[in-house]
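The values are calculated or read from the model by the stated rules, or taken from the named source; none is laboratory data. In this text the structure is predicted, and so the values were computed from the model without any measurement. Methodologically, a virtual Cβ is constructed for each residue, glycine included, from the backbone with ideal geometry; neighbour enumeration extends over all protein chains shown. The area values use the complete protein model at the heavy-atom level, side chains included, leaving out ligands, DNA and RNA. Shrake-Rupley method; radii C 1.70, N 1.55, O 1.52, S 1.80 Å.
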Amino acid sequence: MHIQILEILDTGCTQLSAPEVVTGTYNGSVTISCQYSLQFKEYTKYWCKGQVYELCTIIVKTPKVRQNDRSSIVDDKEAGVFTVTMTLLQKTDEDMYWCVIARHGRNIFSRVRLLVSDTVFDLEKSLAEIPMVKKQNKIEKTTKRKGL
């Protein structure tokens, strides 16, 4: 029993890794990279949706580049990473997903929480607007002083 618990911990942590949380925007897309140990390069990989791994619904799976209406999966066996892309995100896509390597016995899986946001915070745009605000304030102050 103790050995089984260690195997599960090892399976979830070192043989497959993925981001814990990914955020995409409504009608946008996200790309999730699931990295795995090269010993699993010939195994089937898949992406499934559901709160509980054992009950999740397969969205896309390898061995070839596969896609459904809004999701695709590509397995780069040399790099040890399979990549899932989801497009035209909807609020209903917000859920728990799983990167999975199918193998005899217990599959290897890693949980990914997908959040779908209504808005995008564009840091570059926001930072670009800061000097404009300062510049506009200077112009207003200068204009007011000349008018007095």
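Can you pull out every residue in segment 9-43 that is of a type in the set (V, I, T), farther than 18 Å from D93 by Cα and open to solvent by 50 Å² or more (accessible area, probe 1.4 Å)? First the steps, then the outcome.
Taking segment 9-43 and keeping what is of a type in the set (V, I, T), we get 11, 14, 21-23, 25, 30-32.
Checking which are farther than 18 Å from D93 by Cα leaves us with 11, 14.
T14 - this is the single residue of segment 9-43 that is of a type in the set (V, I, T), farther than 18 Å from D93 by Cα and open to solvent by 50 Å² or more (accessible area, probe 1.4 Å).
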Looking only at segment 50-65, decide whether some residue is under 16 Å from V22 (Cα atoms), open to solvent by less than 30 Å² (accessible area, probe 1.4 Å) and not in a strand (DSSP E or B). yes
Taking first residues from segment 30-43 that are part of a strand (DSSP E or B) and second residues anywhere that are open to solvent by 70 Å² or more (accessible area, probe 1.4 Å), the pairs with Cβ under 9 Å that are 6 or more apart or on different chains are V30/T23; Y36/Y43
Residue list for segment 83-106, restricted to those being open to solvent by less than 30 Å² (accessible area, probe 1.4 Å) and in contact with a helix residue (DSSP H, G or I) (Cβ under 9 Å, 6 or more places away or on another chain): M86, M96, W98, V100, I101
Among the β-branched types (V, I, T) and either closer than 25 Å to L115 by Cβ or modelled with pLDDT of 95 or more (or both): does that describe T83? yes
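Filter segment 107-123 down to residues that are open to solvent by 40 Å² or more (accessible area, probe 1.4 Å) and farther than 15 Å from I32 by Cβ and give me whichever is modelled with the highest pLDDT.
Initial filter on segment 107-123 (open to solvent by 40 Å² or more (accessible area, probe 1.4 Å)): 109, 111, 113, 115, 118-123.
From the residues that got through so far, the ones that are farther than 15 Å from I32 by Cβ too are 118-123.
Details: D118: 87, T119: 73, V120: 59, F121: 58, D122: 54, L123: 54.
Once the filter is applied, the top-ranked residue is D118.
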